[in-house]
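Trainee: Below is one structure. I have some questions about it.
The values are calculated or read from the model by the stated rules, or taken from the named source; none is laboratory data. Model, not experiment: these values are computed from the prediction. Cβ placement follows ideal geometry from the backbone for every residue including glycine, while neighbour counts extend to all protein chains displayed. Accessible surface areas use protein heavy atoms only, side chains included; no ligands, DNA or RNA. Shrake-Rupley method; radii C 1.70, N 1.55, O 1.52, S 1.80 Å.
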Amino acid sequence: MNAAASKGSKILVVDDDPVMLELAIQTLEGAGYAVFVSPSGEQAIEIATTQEMDLALLDYRMPDMTGLDVGKAITDLTSTRFIIMSVHADEDVVRQAGGEGALGFLVKPLEPKELLAQVHVGLTRAAEINALQSSIEDMQQGYAAALSKAVASARTVNTAIGILMERLFMTREQATQLITREAKNQRKRMVELAEGLIAAREQDYRARNDDCWWLASTRRNDS
């Protein structure tokens, strides 16, 4: 995501300090971002879950809950990523923030240039992470669909093998070898050959039932 592409991105700023919120609004709106603010963690979660944000800036210390608690709740419920802000650049806090998924750490009071730089980096990383997750989900769905298809195909082939065993008095191994050989000779997939065999078996079954019905009806008429 370049600077132009990030214009209009929705940024949620959460801090109980009204001066800090005003500075963030002026700086970020001046750079073309859509800014949403909240003085509390609970309200921030409500905002993020009703209209998903592109990035959240969360104060580490707030009266109701910590910024990390808010960040964890937001990332659990949405695809929004977050940056932590704090008046102290404590190594333990920075390490903890990174461990909880924070994309960056800002030390207050905020410098407009640093704020914009961190937001730009955060938006870029958030877009990359979300794209990767989407790709992984697509792969998982594709794998699940392929697995389901493979299972269905295996069932079809097994059914066809059972029909051959019944009709031709074969062992499973002999029936499997026959359907494998015929698929190769006819240049068809085994499942295609199996589907044809099952369809023929069903047609034959229906024809036999029709014959039985006709015979039964004639016998009733004769009596």
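Trainee: Determine ³J(HN,Hα), in whole Hz, for all residues of the stretch 104-115 in sequence, where each value follows from phi through the Karplus function 6.51 cos²θ - 1.76 cosθ + 1.60 and θ = phi - 60°; x replaces Gly and Pro.
Mentor: x, 9, 10, 9, 8, x, 6, 9, x, 5, 5, 4
Trainee: Taking the chain as a Gaussian network, where each spring joins two C-alpha atoms under 10 Å apart, which residue of Ala131, Ala194, Ala73 fluctuates the most?
Mentor: Comparing Ala131, Ala194, Ala73 in the GNM, the peak value goes to Ala194.
Trainee: Now for a different question. Which FRET efficiency, nearest 0.05, do Ile25 and Ala131 yield, Cβ-Cβ r, R0 25 Å?
Mentor: With a Förster radius of 25 Å, E is 0.30.
Trainee: I've got another one for you. FRET efficiency for Ala154 and Arg206, Cβ-Cβ distance as r, R0 = 22 Å, nearest 0.05?
Mentor: 0.30
Trainee: Taking the Cα centre of the chain as origin and charging only Cβ (+1 Lys, Arg; -1 Asp, Glu), how large is the dipole, in debye to the nearest 20?
Mentor: 2040
Trainee: Report the gain in length on full extension from Lys72 to Asp17: 0.36 nm times residue separation, minus Cα-Cα distance, nm rounded to one decimal.
Mentor: 17.7 nm
Trainee: Total Lys pairs in the chain closer than 26 Å by alpha-carbon, pairs eight or more apart in sequence or interchain only?
Mentor: Pairs that pass both the separation and distance tests number 9.
Trainee: With a 1.4 Å probe and all protein chains left in place, how much accessible area per residue does the stretch 1-73 have, in Å²?
Mentor: 46
Trainee: Can you find, among Leu28, Leu115, Ala146, the residue farthest towards the positive end of the dipole of the stretch 1-148? Put +1 on the C-beta of Lys and Arg, -1 on that of Asp and Glu.
Mentor: Ala146
Trainee: Taking only Cα atoms, what is the 0 to 90° angle, nearest 10, from helix 172-185's long axis to the longest principal axis of the chain?
Mentor: The angle comes out at about 80 degrees.
Trainee: Over the stretch 72-117, what percent of the accessible surface lies on carbon and sulfur atoms, probe 1.4 Å?
Mentor: So the carbon and sulfur contribution to the accessible surface is 53 percent.
Trainee: Hey, another quick one. Taking the structure as given and computing Cα Rg over 2.2 N^0.38 Å, which label from (i) 1.62; (ii) 1.40; (iii) 1.91 fits?
Mentor: Here the calculated entry is (iii).
Trainee: Give me the percent relative contact order of the chain, please, defined on Cα pairs under 8 angstrom at least 6 residues apart.
Mentor: 13
Trainee: Further, regarding this structure: Quote to one decimal, in nm, the extra length available between Phe169 and Glu46 on full extension: 0.36 nm per residue of separation minus the C-alpha distance between them.
Mentor: Stretched fully, the Phe169-Glu46 segment lengthens by 37.5 nm.
Trainee: Within 10 Å, at most 11 other Cβ atoms, and a DSSP state outside H, G, I, E, B define an exposed site. Report the longest part of the chain free of exposed trypsin sites (Lys or Arg not before Pro).
Mentor: Here the longest run is 8-186.
Trainee: Still on this structure, I have one more. If you average the alpha carbon positions of the stretch 155-186 and of the stretch 41-106, how far apart do those two centres end up, in angstrom?
Mentor: Centre-to-centre distance over Cα atoms comes out at 61 Å.
Trainee: Skip the ligands, DNA and RNA, and give the accessible area per residue of the stretch 130-203 with a 1.4 Å probe, whole Å².
Mentor: Result: 74 Å² per residue.
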